[in-house]
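Notes follow the structure.
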Amino acid sequence: MHLILPALALGLGWVGYLARIVRASMLEVMAAPHIRTARAYGLPERRIIGKYALRIAILPVVTLLAMAVGGLLSGAVLIEAIFARPGIGKLIVDAAEIRNFPVVRGGVLATVALFVVAMPVADLIVAWLDPRVRKTL
Amino acid sequence: MNPPVLDISGLSIRFSGRTDPVLALREVGLSVQAGEIVGIVGESGSGKSTLALAVMRLLATGASVTAGSVRFEGKDILALPEADMRKLRGAGMAMVFQDPMTALNPVLPIGTQMMDVLFRDPALSRADKRARAVAALKRVGLPDAEQQLGRYLFQFSGGMRQRIAIAMALLQRPRLLIADEITTALDVTLEAQILDLLRDLRDEIGCSILFISHNLGAIAAICDRTVVLYAGEVIEAGPTAKILGAARHPYTKALLACDPSRIEIPTRNLPVIPGEVPDLSAPPKGCIFAARCPAALSRCVTHRPVKSLVGRDHSVRCHLIEGAAE
Amino acid sequence: MGRLGLCLVLILLVAAVFGPWLAPFDPFLIDVSAKFHPPSFPHLLGTDNLGRDILSRLIAGSWIAMGVGMSTVLVALVLGLILGLIAGYGPLWLDYLLMLVLDAIYAVPTVVMGLTVVTLLGPSLTTLMIVVIVILVPGYARLARTATLSMKSEEFIVALESLGASRARIILVHLLPNIAGPILIVASMDIPTVIALEAGLTYLGMGVPPPTPSWGRILQEGFAQIGDAPWIILAGGLP
Amino acid sequence: MTLLSVRDLTVSYPVRGPLAGWWTGQKRFVDVVCGISLDLAEGTTLAIAGESGSGKSTFARALMGLTPFRSGSLIFDGKAPFPARGRPARAYLHQVSMMFQDPVASLSPRRTIGALITEPFRIHRPDLRNLEAEAKRLLVLVGLPADFAQRYPHQISGGQARRVGLARAVALNPRLVIADEPTAGLDVSVQGEILNLMARLQAEQSVAFLMITHNLAVVRHMSDRTAIMYMGRIVEEGPTDRVFASPAHPYAAALIAAEPSSLPGHHRHSAALKGEVSSPLHRPDGCAFHPRCPAARPLCSATAPLPQVSASGALVSCHFPLQRTPDQ
């Protein structure tokens, strides 16, 4: 329950950003010739958007989200400080202030590890969505 | 005689955008009878694709029909509500586009895309749709059709992709098939195969075909009648044998004279049509071809010629012909 | 949306340039008798715990905000473009190496990066700018690299290779003008983010030392008195 | 005199990533061009025709050093311009240039036409100062108005872009121009203009052209010699008039018979060629054409044929070359 406000504060900033990216790539995909073909077969607009366009438009967002994992962790430090949540970010900052370097190292390692895992996961999701990428694996 | 499958009359289309409005098509008229293959030939920019998209009512934003009508089996489709038009697309009329690599979805298997085309038929089970897709692929000569359904577009060669696009268009047995430059990217042996295929399909399904191409050889190979488009106007139309064998309009004659496949003795000085296509944001007042016409009269520049019949089903828009007819 | 953002940036720019003439009070003037004034005339946004006029401090802070925002983004943009172009068009091993380093930088949380640099160099405006640049460069480099990679196989680049153009010439004369556009837009959208980042870092005590009137500092000081004088933090969060 | 001499040129492409290749155990590389040999004499035109995807464009790119070749050799004007690895010598690119398939896409979108056609001078002749005059000379040479120098690529038509591409290709007075589909997508009239221009440049400056096209009418009019490619190999090569009059390889014969014509009463023989083009991934044993060949015999599926001189004087790779019969 107490996580809602910090989570909102952290997540809301990304909503606008992601919405802008999805909108831009959606507009690009919707102008593609294969969408015109789908229309030429009279497919319902809902299915064209949901099945034919979104699958392609979502691709850049997946990579972006993986990169956001790192950004979110950094942003979390600030939010944690404001809402006084004992998170990993606050842990690192507090530890740094009292020069407790092993804790700083451990915290950084943990966040970096998360980021390192997130990127290949994103690559795999992209490959699952886009058969053309699968080929280059 | 039954009403024509497609009847276009006086169709004018204007593109407006950031620049001056362009009058892409002006008073275009043509009709396609049941089971007939009609060719539309013209240079790039003559409005061939615009015409096809207008029939499908898929013109890009910024393009508007300023005059004329398009009737499909008697119904004026320009006045049709969007929902009814959508029902017509795919089932009544289907279109195959020039480049199948960009015209079909790259991230969905071809089987999924083909089965989606049959979405309208609730009576069909998934297995039925699958069987229909396999049958269509077999019909266009794709080997191992069953296994191909799960593959993606990029895994096929150019000729196969074009066949898949045709198979997709034929799934619902449309009454009118529009083929927009579908053999342009193919080499001659593949082109010949696709043209044979189209002719066989017409005989089998009985559909009419609107065949758009700038390749005169392809037009000659399959079209019953041919319409010649120049800078957005129909300047000559008639039976293909007449258009290619006894053309009357100076532009058609010049176009045929430029075709290197007609020149028997090899030459390195090929004939050309001097001059440029007129600017369609301000089309000339008189005949559209007057500026490049070797036989232009003074009234060709000032007065627009009317359509005159020069034979059975053969019409020309030219002052010289009017004079001869008088 | 975009136009509104542009207006805001313009207002900020005006405030930054004409700050000294616009501000109704001296931002450093301490007037203890007038402390914790709620927003009213003549203190339009109230005063803080030392009786300093908040509006004047905000206007003075806008100079730092804009200076830090624009100059850091500009430097980061230039560095990011160059690194991204080299990674995207250079040899494969260099691409791997650059991306490894940049990803490593990107993976370290902003705050930890800030802490490290501040510990090394001591808190100051310069330190703050260096931190922000180090944070921004990997993002721009990645964008530039992706754009370069997709443009690398375009026919016109292949055509230049067929003419025998050197790598440097292709990168600087032909690739740069074609990829810079979208990245410039991203960078200009980043200016407000960087200002917020500066405020955030200063808020955490890693930025501009007191008594310089930066937005982050106003926020930080206001936070201490949120119960007594809520207008300070509200005004500080306004930009 | 022989200007360009290619021997056993082979180009391979990776078909799957290293991970997938290791996982599936299938081979990762496929020969798109396999063992091409040909000679081109100074100031003449050699046309390469064949099915789509037969490796024509890849071959052209390999000649320019845009795609590395796995094996084979290339001699230009008595020298070997390609080092063991990497890009060809600058002097080679000074004398050889290329016209690209997509004329608009091959021009930098943010440079003016004037800057684009003088690009070769900026690269190879940095000493040259009067670039504006050169731009003007080149525009006049290809029949474009001089004020085109100020325009951008998106402001010109496809035919005009072809002229710009040609102007840039001949800017340095090259001895060889490799033209990849120089008339693809053009209307017959504009096509004629471009081809006439190329013929004139050849007559005036003695440029040699290596032209890749699938338009057989263009081949017939423009080239001195013709090479027909099938699945990465040249199956027949010889003087154009002889190859067209009596093709000896069954594929060449089918291709030439399928040539479309708008002349009424012309019947083409498309029925001769059935079946699918095999994938280069699963190249048939023996002669690559045998699964589709109307005249295939057991030997064809066992051994690959070696080039031999046909009755008409062309070089043909077929065990049983066609003989011209009187009734044909």
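The values are calculated or read from the model by the stated rules, or taken from the named source; none is laboratory data. Quick caveat: nothing in here was measured; it's all calculated off a predicted structure. For neighbour counting, all protein chains shown are included, and Cβ atoms are generated from backbone atoms with ideal geometry for every residue, glycine included.
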Wholly enclosed helices (runs of 4 or more DSSP H) of the stretch B:245-325 bearing at least 1 residues of a type in the set (S, T, N, Q)
B:250-258, B:298-302
Take the conditions closer than 27 Å to B:Ile37 by Cα and either facing another protein chain (nearest Cβ under 7 Å) or hydrophobic (A, V, I, L, M, F, W, C) (or both) and apply them to B:Ile235. Does it pass?
yes
Pick from D:Phe100, D:Phe69: which is surrounded by 19 or more Cβ atoms within 10 Å (Cβ to Cβ), under 19 Å from C:Val158 (Cβ atoms) and more than 14 Å from chain C (Cβ to nearest Cβ)?
D:Phe69
Among the residues of the stretch B:150-168, what is the count of those that are buried (at least 18 other Cβ atoms within 10 Å of the Cβ) and more than 19 Å from B:Leu190 (Cα to Cα)?
1
Among the candidates D:Gly192, D:Gly238, single out the residue that is small (Gly, Ala, Ser) and in contact with a Cys (Cβ under 8 Å, 6 or more places away or on another chain).
D:Gly192
Do we have any residue at all in the stretch B:287-295 that's β-branched (Val, Ile, Thr), in contact with an Asp or Glu (Cβ under 8 Å, 6 or more places away or on another chain) and within 12 Å of chain D (Cβ to nearest Cβ)?
no
Selection from the stretch B:156-173 of residues that are touching a helix residue (DSSP H, G or I) at 6+ places or on another chain (Cβ under 8 Å) and within 14 Å of chain A (Cβ to nearest Cβ)
B:Phe156, B:Arg161, B:Gln162, B:Ile164, B:Ala165, B:Ile166, B:Ala167, B:Met168, B:Leu170, B:Leu171, B:Gln172, B:Arg173
So the check is Cβ under 6 Å with 6+ separation or different chains; which pairs have a first residue in the stretch A:93-120 that's facing chain C (nearest Cβ under 9 Å) and in contact (Cβ under 8 Å) with a residue 60 or more places away in the chain and a second one that's assigned to a helix (DSSP H, G or I) and surrounded by 15 or more Cβ atoms within 10 Å (Cβ to Cβ)?
none
For the subset of the stretch B:62-115 comprising residues that are assigned to a strand (DSSP E or B) and of a type in the set (Val, Ile, Thr), which member is surrounded by the most Cβ atoms within 10 Å (Cβ to Cβ)?
B:Val96
Would you point out which residue out of D:Ile228, D:Ile194, D:Ile234, D:Ile212 is more than 13 Å from the chain's Cα centre (by Cα) and modelled with pLDDT of 90 or more?
D:Ile194
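Just wondering, is there one or more residues in the stretch B:41-56 that are surrounded by fewer than 16 Cβ atoms within 10 Å (Cβ to Cβ) and not in a strand (DSSP E or B)?
Within the stretch B:41-56, none of the residues are surrounded by fewer than 16 Cβ atoms within 10 Å (Cβ to Cβ) and not in a strand (DSSP E or B).
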Residue selected from the stretch B:189-222 under the condition under 27 Å from D:Ala184 (Cβ atoms) and of a type in the set (Ser, Thr, Tyr), by the criterion nearest to the other protein chains (Cβ to nearest Cβ):
B:Thr189
Those residues of the stretch C:83-100 which are within 21 Å of C:Leu172 (Cβ to Cβ) and of a type in the set (Phe, Trp, Tyr), in sequence order:
C:Tyr89
So, of the residues in the stretch B:227-255 that are surrounded by fewer than 19 Cβ atoms within 10 Å (Cβ to Cβ) and not small (Gly, Ala, Ser), which turns out to be farthest from the chain's Cα centre (by Cα)?
B:Lys253
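Here are B:Gly311, B:Gly275: which of them is under 24 Å from the mean Cα position of the chain (by Cα) and loosely packed, with under 15 Cβ neighbours inside 10 Å? Steps first, answer last, please.
Details: B:Gly275 fails: under 24 Å from the mean Cα position of the chain (by Cα).
So the residue among B:Gly311, B:Gly275 that is under 24 Å from the mean Cα position of the chain (by Cα) and loosely packed, with under 15 Cβ neighbours inside 10 Å is B:Gly311.
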Sort out which residues of the stretch D:172-224 are part of a loop (DSSP other than H, G, I, E, B) and among the hydrophobic types (A, V, I, L, M, F, W, C), and write them in order of number.
D:Leu172, D:Ala184, D:Leu186, D:Val207
So, in the stretch D:193-234, of the ones that are in contact with a strand residue (DSSP E or B) (Cβ under 8 Å, 6 or more places away or on another chain) and among the small types (Gly, Ala, Ser), which residue ends up nearest to D:Gly313 (Cα to Cα)?
D:Ala227
Scan the stretch D:284-306 and tell me whether some residue there is at pLDDT 85 or above, farther than 26 Å from B:Arg161 by Cβ, in a loop (DSSP other than H, G, I, E, B) and touching a His at 6+ places or on another chain (Cβ under 6 Å).
yes
So B:Val227 ticks every box in (1) β-branched (Val, Ile, Thr); (2) within 12 Å of another protein chain (Cβ to nearest Cβ); (3) touching a strand residue (DSSP E or B) at 6+ places or on another chain (Cβ under 6 Å) but one. Which box is left unticked?
(2)
Checking D:Leu46 against (1) crowded, with 17+ Cβ neighbours inside 10 Å; (2) touching a Leu at 6+ places or on another chain (Cβ under 8 Å); (3) within 14 Å of another protein chain (Cβ to nearest Cβ); (4) within 27 Å of D:Val218 (Cβ to Cβ): exactly one of these is not met. Which one?
(3)
Of the residues that make up the stretch D:126-134, is at least one surrounded by 18 or more Cβ atoms within 10 Å (Cβ to Cβ) and assigned to a loop (DSSP other than H, G, I, E, B)?
no
Examine the stretch C:171-178 for a residue that is under 27 Å from C:Met129 (Cβ atoms), surrounded by fewer than 16 Cβ atoms within 10 Å (Cβ to Cβ) and not polar (S, T, N, Q), and state whether such a residue exists.
yes
